[in-house]
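Worksheet for the structure shown next.
The values are calculated or read from the model by the stated rules, or taken from the named source; none is laboratory data. Computed from a prediction, not measured in an experiment: that's the story for all the values here. Here the Cβ is made from the backbone with ideal geometry for all residues, glycine too, and neighbour counts use every protein chain on show.
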There are 2 protein chains.
Amino acid sequence: MMEELINLVNKKLDEYLEIKYPKTIFESMKYTLSLKGKRLRPIMCLETLRMLGGKIETALPTACAIEMLHVQSLIHDDLPCMDNDDYRRGQLSNHKVYGEAAAVLAGDALLTYAPQTIIEKSTDLTSEQILKIIHEYTKAAGVYGLIGGQIVDIESEKQQFEKNKEETLAYIHIHKTAVLFRLAIKTACIIANANDDTTLELDGFALKFGEAFQIYDDIMDEISTFEEMGKTIGKDKQAKKLTYTSLYGVEKAINKCLVLIKECHDIIDKYGSEIFNEFLGKIEKRLNTRK
Amino acid sequence: MMEELINLVNKKLDEYLEIKYPKTIFESMKYTLSLKGKRLRPIMCLETLRMLGGKIETALPTACAIEMLHVQSLIHDDLPCMDNDDYRRGQLSNHKVYGEAAAVLAGDALLTYAPQTIIEKSTDLTSEQILKIIHEYTKAAGVYGLIGGQIVDIESEKQQFEKNKEETLAYIHIHKTAVLFRLAIKTACIIANANDDTTLELDGFALKFGEAFQIYDDIMDEISTFEEMGKTIGKDKQAKKLTYTSLYGVEKAINKCLVLIKECHDIIDKYGSEIFNEFLGKIEKRLNTRK
């Protein structure tokens, strides 16, 4: 089931982004987009739509666009002036293959290729629905979303804080991670014409899952290996990043994460989702091995 | 008249982008956006709407969004890994003030803040109109527009060509410069509900004006001063960029530019536009002084 969805997303991503002139930029965009990933965000979008009784085909352009946005943020985050990471998803990062200029431009290009794809490929949606989706997209991608999270993250490394550490960490988690989970689930609600109560409930799930996922990522940065994660490990600590583990310690982080996972189950179990169960189960299992 | 429009655009840009948390990123976005510029693209949008009998107020969010996109491209173009320019509009460029990471992020943020502004502030437009505008925006901003132009420009510096030099230069001119003039004029046509013939004619004007403007810019890079242009001069030659002047020489460039300006007059004069006359007149006058 999960594997099928991943294959479907990969196929559509490949189809939506054909290599044209000028080749370098298309190849650079496609390089990071094609790296083997969990496709967590697009699958969350498709699975939410399925739970709500919609046809997943209608959400494919949106789901793929959210992955494009995610990949855009990875390409720019890996740049030397940001996290300076040479590896991503187990392969060389974009700028190590195509150079910094092309990596900056590939990220820029994906940032508008995503909404362009939604507009051009969502033939089953109304203009109103598409416009709502694009609006959510712009908020999630920009200064009120990912970019806000990223700049606060960078400033926290330099020990520059506008707010206290607890508030700053909560802001980073909501804006760097939960934001795309929320986008995936909210756009599915728009496509399914879900009512306000359902949308609000599922948004609550997305928020908790986003927080759990980020705390899990912080924990993994301390306890896992390059082979397991496909990226350099221990960099957060080295960079003195503000993370859940740096603020509260690994044990507390594990407990907090497991509580959040439990709360996620409380919301989502009534919808009956194998896929979300699998996501939550993997994190639980990995953390319980460590405990 | 021109001065009034510039002031109106400046006022709206200031209003649309309020400084909020996290401050650094808003300040960095606002810094380059607030630098004294000609506001050529937003004014082209507003003036086209006026020519077509529309109320310019209805186009202000779109006009300002196009300036945001233009400024985004300037911020990223100035980065050390791109053109490595320390000055812009006579002031320090964004990364010289806020650092490279914030400059990359400020550009990213503007790229989605622009369509967000169109969606949230265009209260007089229909969803259909807004969606059409956003679609044009994504095409102009991305790999089929600005980004395509920029990557081919960079490759031409390295003497890497997928096409011959003449075709490559034409591609750069259309995609780096004309693209935003076309966006400004096409979005005004959408807002005015202009018919296809008018839209096509004005798009032809935008294309010629864009080409003239880029050739003029190439000429200025050879014959003007930092004081006149507000940016480093002679960099194109130093970087061995493919420009109209490098390919055909300054004299031929001046003649070509004057021919294009004449063709622009042939199209636009029947609409009776003081503003476009002023734009075209300035270039003509400056080139005639040099001849």
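Just checking, which of A:Met229, A:Met220 is surrounded by fewer than 17 Cβ atoms within 10 Å (Cβ to Cβ) and not acidic (Asp, Glu)? Walk me through it before giving the result.
Details: A:Met220 fails: surrounded by fewer than 17 Cβ atoms within 10 Å (Cβ to Cβ).
Within the list A:Met229, A:Met220, the selection yields A:Met229.
Condition test on A:Asp153, is it free of Cβ contacts under 8 Å to residues at least 40 places away in the same chain and either in a helix (DSSP H, G or I) or touching an Asp or Glu at 6+ places or on another chain (Cβ under 9 Å) (or both)?
Numbers: free of Cβ contacts under 8 Å to residues at least 40 places away in the same chain: no; either in a helix (DSSP H, G or I) or touching an Asp or Glu at 6+ places or on another chain (Cβ under 9 Å) (or both): yes.
No: the conditions fail for A:Asp153.
Let's see how each residue does on (1) at pLDDT below 95; (2) within 18 Å of the chain's Cα centre (by Cα):
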residue: B:Ser122; (1), (2): no, no
residue: B:Glu128; (1), (2): no, no
residue: B:Ile134; (1), (2): no, yes
residue: B:Ala140; (1), (2): no, yes
residue: B:Tyr144; (1), (2): no, yes
residue: B:Glu155; (1), (2): yes, no
residue: B:Gln159; (1), (2): yes, no
residue: B:Lys163; (1), (2): yes, no
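Being surrounded by fewer than 24 Cβ atoms within 10 Å (Cβ to Cβ) and in contact (Cβ under 8 Å) with a residue 40 or more places away in the chain is the filter here; which residues of segment A:28-40 pass it?
From segment A:28-40, those surrounded by fewer than 24 Cβ atoms within 10 Å (Cβ to Cβ) are A:30-31, A:34-40; that's our starting set.
Correct list: A:Tyr31, A:Leu35, A:Lys36, A:Gly37, A:Leu40.
If B:Glu100 meets every condition in (1) over 16 Å from the mean Cα position of the chain (by Cα); (2) charged (D, E, K, R); (3) surrounded by 20 or more Cβ atoms within 10 Å (Cβ to Cβ) apart from one, which number is that one?
Going through (1) over 16 Å from the mean Cα position of the chain (by Cα); (2) charged (D, E, K, R); (3) surrounded by 20 or more Cβ atoms within 10 Å (Cβ to Cβ) one by one, B:Glu100 breaks only (3).
Hey, among the residues in segment B:40-62 that are among the polar types (S, T, N, Q) and in contact with a Phe, Trp or Tyr (Cβ under 9 Å, 6 or more places away or on another chain), which one's nearest to B:Lys121 (Cα to Cα)?
Looking only at segment B:40-62, we keep the residues that are among the polar types (S, T, N, Q), and these are B:48, B:58, B:62.
Next cut, in contact with a Phe, Trp or Tyr (Cβ under 9 Å, 6 or more places away or on another chain) only: B:48, B:62.
Working: B:Thr48: 20, B:Thr62: 9 Å.
Looking at the filtered set, the residue picked out is B:Thr62.
Any idea how many residues of segment A:57-85 are touching a helix residue (DSSP H, G or I) at 6+ places or on another chain (Cβ under 8 Å), of a type in the set (Asp, Glu) and at pLDDT 95 or above? Before the answer, list the steps.
If we filter segment A:57-85 for residues that are touching a helix residue (DSSP H, G or I) at 6+ places or on another chain (Cβ under 8 Å), which is where we start, we get A:58-83, A:85.
Add one more test, that the residue is of a type in the set (Asp, Glu), and what stays is A:67, A:77-78, A:83, A:85.
Still in the list and also at pLDDT 95 or above: A:67, A:77-78.
Matching residues across segment A:57-85 total 3.
Return yes or no: is A:Met68 among the aliphatic types (A, V, I, L, M) and in a loop (DSSP other than H, G, I, E, B)? I'd like the intermediate steps shown before the answer.
Working: among the aliphatic types (A, V, I, L, M): yes; in a loop (DSSP other than H, G, I, E, B): no.
Taking the combined requirement at face value, the residue does not satisfy it.
Of B:Thr112, B:Thr138, B:Thr117, which residue is at the interface with another protein chain (Cβ under 7 Å from one of its Cβ atoms), touching a residue at least 12 places away in the same chain (Cβ under 8 Å), within 24 Å of B:Leu17 (Cβ to Cβ) and in contact with a Pro (Cβ under 9 Å, 6 or more places away or on another chain)?
Details: B:Thr112 fails: touching a residue at least 12 places away in the same chain (Cβ under 8 Å); B:Thr117 fails: at the interface with another protein chain (Cβ under 7 Å from one of its Cβ atoms).
It is B:Thr138.
Given the options A:Gly54, A:Gly107, A:Gly90, A:Gly99, name the one that is more than 14 Å from chain B (Cβ to nearest Cβ) and at pLDDT 95 or above.
A:Gly54
Is segment B:189-199 home to any residue that is under 25 Å from B:Asn255 (Cβ atoms) and assigned to a helix (DSSP H, G or I)?
As a first pass, look at segment B:189-199 and keep what is under 25 Å from B:Asn255 (Cβ atoms): none.
No, segment B:189-199 has no match at all.
Might you check whether a residue that is more than 15 Å from B:Thr112 (Cβ to Cβ) and surrounded by fewer than 24 Cβ atoms within 10 Å (Cβ to Cβ) occurs anywhere in segment A:133-146? Don't jump to the end; show me each part of the working.
We begin by selecting, within segment A:133-146, every residue more than 15 Å from B:Thr112 (Cβ to Cβ); these are none.
Checked against the condition, which is being more than 15 Å from B:Thr112 (Cβ to Cβ) and surrounded by fewer than 24 Cβ atoms within 10 Å (Cβ to Cβ), segment A:133-146 yields no hits at all.
For segment B:212-291, give me every one of the helices (runs of 4 or more DSSP H) that falls completely inside it and has 1 or more residues that are more than 19 Å from the chain's Cα centre (by Cα) and either farther than 27 Å from B:Leu5 by Cβ or modelled with pLDDT of 95 or more (or both). First the steps, then the outcome.
Numbers: elements: B:226-229, B:235-238, B:244-248, B:250-268, B:274-290.
Filter on segment B:212-291 gives B:235-238, B:244-248, B:250-268, B:274-290.
Out of segment A:1-41, which residues are within 14 Å of another protein chain (Cβ to nearest Cβ), over 16 Å from A:Ala101 (Cα atoms), charged (D, E, K, R) and assigned to a helix (DSSP H, G or I)?
Selection gives nothing.
Which one of the conditions (1) farther than 15 Å from B:Ala109 by Cα; (2) within 14 Å of the chain's Cα centre (by Cα); (3) surrounded by 24 or more Cβ atoms within 10 Å (Cβ to Cβ) does A:Gln72 fail to meet, given that it meets all the rest?
(1)
I'm trying to understand the selection: among the residues of segment A:64-87, which are away from chain B (no Cβ under 11 Å) and touching a residue at least 60 places away in the same chain (Cβ under 8 Å)?
Within segment A:64-87, A:Ile66, A:His70, A:Asp85, A:Asp86, A:Tyr87 qualify.
Among the listed residues B:Gln159, B:Gln150, B:Gln214, identify the single one that is within 9 Å of chain A (Cβ to nearest Cβ) and either among the hydroxyl-bearing types (Ser, Thr, Tyr) or within 25 Å of B:Ile254 (Cα to Cα) (or both). It would help to see each step written out before you state the result.
Numbers: B:Gln159 fails: within 9 Å of chain A (Cβ to nearest Cβ); B:Gln214 fails: within 9 Å of chain A (Cβ to nearest Cβ).
The unique qualifying residue is B:Gln150.
Tell me the residue from B:Leu110, B:Leu180 that is closer than 30 Å to A:Asn84 by Cβ and part of a helix (DSSP H, G or I), please.
Working: B:Leu180 fails: closer than 30 Å to A:Asn84 by Cβ.
One residue alone meets the criteria, B:Leu110.
I'm trying to understand the selection: among the residues of segment B:120-130, which are crowded, with 19+ Cβ neighbours inside 10 Å and within 9 Å of another protein chain (Cβ to nearest Cβ)?
Within segment B:120-130, just B:Ile130 meets the criteria.
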